[in-house]
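To keep things clear, I will list the structure first and then write my remarks on it.
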Amino acid sequence: MVRPLRQRAEQKFADELALLKEQDSASKPQGWQLSPRAVKAFILGEPELGVDKKYYGEAALVERAIVSLMSNQGLMLVGPPGTAKSMLSELLACAISGTSELLVQGTAGTSEEQLKYTWNFAQLLSNGPSLEALVKSPIYHAMEQGKVARIEELTRCPQEIQDALISILSEKQLTVPELGVSIQAQPGFNLIGTANLADKGVNEMSSALKRRFNFETVPVLQDPLQERRLIQSQVSTQLAQQSVSVAIADELVALLVQVFNDLRRKGQSNLQSLEAVLSTAEAVNIVHACALQSHFLQQPLSGAHIAQQMHGSVIKDNVEDMAKLASYLDIIVRERAREQAHWRDFFEAGKVLWMS
């Protein structure tokens with residue numbers, strides 16, 4: 001059987017979910033397939049049971065998120081781009097409801113029908129409004145089945161679309177006036193929204209909608225060691241799915257994490273932070289691309305690969321960022337290059353890309 005390019009969490013971690021469900025003797029909120037304690041173990045790992053760690057952020061944040069979903073409030077995960085908000089929302093929905101596929105992707109073109117329902121127009125024209133002609137949205141399904149639905153990039157949705165969520169979250173019901181019925185949410189129903197701080201102000205949430213959510217800020221991973229472990233874990237998984245075998249030296253991952261941490265520090269003396277997003281997700285993409293380049297071109301991995309893939313993945317064609325990187329190379333990297341081979345390779349490749 002051919003695996004899809006990206007497996008949903010409930011597919012990827014089916015064995016762990018089954019194991020936790022079998023071992024879970026704690027009480028569960030109505031509609032939940034796992035207890036809050038088991039949900040936490042699924043996300044943060046439980047080595048004694050053979051459950052791997054999947055989220056490398058603060059344990060307290062995960063605990064607060066779980067508690068929010070036990071209440072009548074929705075959960076809103078906000079933070080800089082690339083801080084694993086979507087991954088955390090997927091893991092929470094998967095562990096609580098057994099599925100993470102009840103998803104609405106927020107865009108400037110998101111319509112009210114995508115949040116509620118639309119119609120099969122062939123049946124509508126032939127038989128008129130009926131339950132059979134109704135095409136249910138992911139949120140409709142979640143209310144009907146008592147599951148957790150997700151809304152990605154909520155602040156990208158137009159204001160009137162956001163406002164359509166207020167009655168769903170407050171009344172826990174969805175009215176279909178054409179049929180004269182109201183769908184009442186079953187126990188277990190809730191919503192997880194995500195929003196990037198970079199998009200703040202695009203379509204600011206109303207105070208009425210904000211009151212229906214508990215807000216949790218998902219920060220950039222601060223611990224370099226944890227970030228390195230996460231990058232290695234994610235890249236190893238991606239390479240295994242592609243049947244690619246490449247040994248990635250921890251020194252190279254440490255180099256990239258150090259570069260990102262240096263350039264994230266706003267206001268640091270003689271150093272300007274980049275406009276580009278320097279998230280852990282971008283770091284994973286860079287190391288993965290380096291491994292593929294090494295494998296298919298049969299080149300030994302080096303700091304030069306990091307510079308090249310960083311240019312393509314993060315910097316792109318931002319002239320101002322290239323000037324800042326040139327300054328960073330000259331002020332910080334030049335000194336490190338005198339003592340360490342990986343930094344020397346990074347410096348030489350960076351000179352060609354950013355200082356020429």
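The values are calculated or read from the model by the stated rules, or taken from the named source; none is laboratory data. Keep in mind the model is a prediction, meaning the values are calculated, not measured. FYI the Cβ positions are ideal-geometry reconstructions off the backbone, even for glycines, and counts take in every protein chain you see. Keep in mind that these areas ignore ligands, DNA and RNA; they rest on the heavy atoms of the full protein, side chains included. Shrake-Rupley method; radii C 1.70, N 1.55, O 1.52, S 1.80 Å.
What is the local net charge at LEU165, summed over the other residues whose Cβ is closer than 13 Å to its Cβ (Lys, Arg +1; Asp, Glu -1)?
With Lys, Arg at +1 and Asp, Glu at -1, the net is +2.
Just need the relative contact order of the chain here, percent rounded to a whole number, with Cα pairs under 8 Å and 6+ apart.
In percent, rounded to a whole number, it is 15.
Enter the accessible area per residue of the chain (Å², integer; probe 1.4 Å; all protein chains in place). Intermediate results must be reported in sequence, preceding the final value.
Values: 17300 Å² over 356 residues.
It amounts to 49 Å² per residue over the chain.
Nearest 500 deg cm²/dmol is fine: what mean residue ellipticity at 222 nm does the chain get from its DSSP H runs of n ≥ 4 alone, each adding -39,500 (n - 2.57), divided by its residue count?
Rounded to the nearest 500, it is -13500 deg cm²/dmol.
With a cut-off of 8 Å between alpha carbons and a minimum separation of six or more residues, what is the relative contact order of segment 260-356 in percent?
28
Restricting attention to segment 297-356, which trypsin sites (Lys or Arg not before Pro) occupy a DSSP loop and are surrounded by at most 11 other Cβ atoms within 10 Å? Kindly include the intermediate steps, with their values, before the conclusion.
Working: sites: LYS316, LYS324, ARG334, ARG336, ARG338, ARG344, LYS351; in loops: LYS316, ARG338.
In loop regions of segment 297-356 (DSSP not H, G, I, E or B), the sparsely surrounded trypsin sites (Lys or Arg not before Pro) are LYS316, ARG338.
I'd like to compare 29-35, 66-72, 305-311: which one has the highest average count of other Cβ atoms within 10 Å, and what's the full order after that? Can you show the working numbers first?
Numbers: 29-35: 18.1, 66-72: 16.3, 305-311: 23.6.
Per-residue Cβ counts within 10 Å, averaged per peptide and sorted highest first, yield 305-311, 29-35, 66-72.
With Cβ to Cβ distances under 12 Å as the rule, what net charge do the other residues near LEU75 carry (K, R +1; D, E -1)?
Value of the local net charge: +3.
What are the ³J(HN,Hα) values, in whole Hz, obtained from phi via the Karplus relation 6.51 cos²θ - 1.76 cosθ + 1.60 with θ = phi - 60°, for each residue of segment 116-130 in sequence order, with x given for Gly and Pro?
For segment 116-130, the Karplus-derived couplings read 10, 6, 9, 10, 7, 5, 5, 5, 4, 6, 7, 10, x, x, 7 Hz, x marking Gly and Pro.
In nm, to one decimal, how far is the modelled label at ALA208 from the one at GLN123, with both set 7 Å along Cα→Cβ?
The answer from the label model is 3.2 nm.
Expressed as a whole number of Å, what is the distance separating the alpha-carbon centroids of segment 212-263 and segment 1-55?
Each part reduced to its Cα centre gives a spacing of 22 Å.
Work out the P(r) tail for the chain: percent of alpha carbon pairs separated by more than 25 Å, whole number.
Roughly 60 percent, rounded to a whole number.
When the chain is fully extended, how far beyond the present Cα-Cα distance does ASP330 get from GLU132, taking 0.36 nm per residue of separation? Don't skip to the answer; put the middle values down first.
Values: separation 198, 0.36 × 198 = 71.28 nm, distance 6.70 nm.
Contour length minus Cα-Cα distance gives 64.6 nm.
When Lys and Arg each count +1 and Asp and Glu each count -1, what net charge do the other residues less than 12 Å away from LEU256, Cβ to Cβ, add up to?
-4
How much of the accessible area of the chain, probe 1.4 Å, is carbon plus sulfur, in whole percent? The partial results should precede the final answer.
On the way: 8570 of 17300 Å².
In the chain, the share of accessible area belonging to carbon and sulfur is 50 percent.
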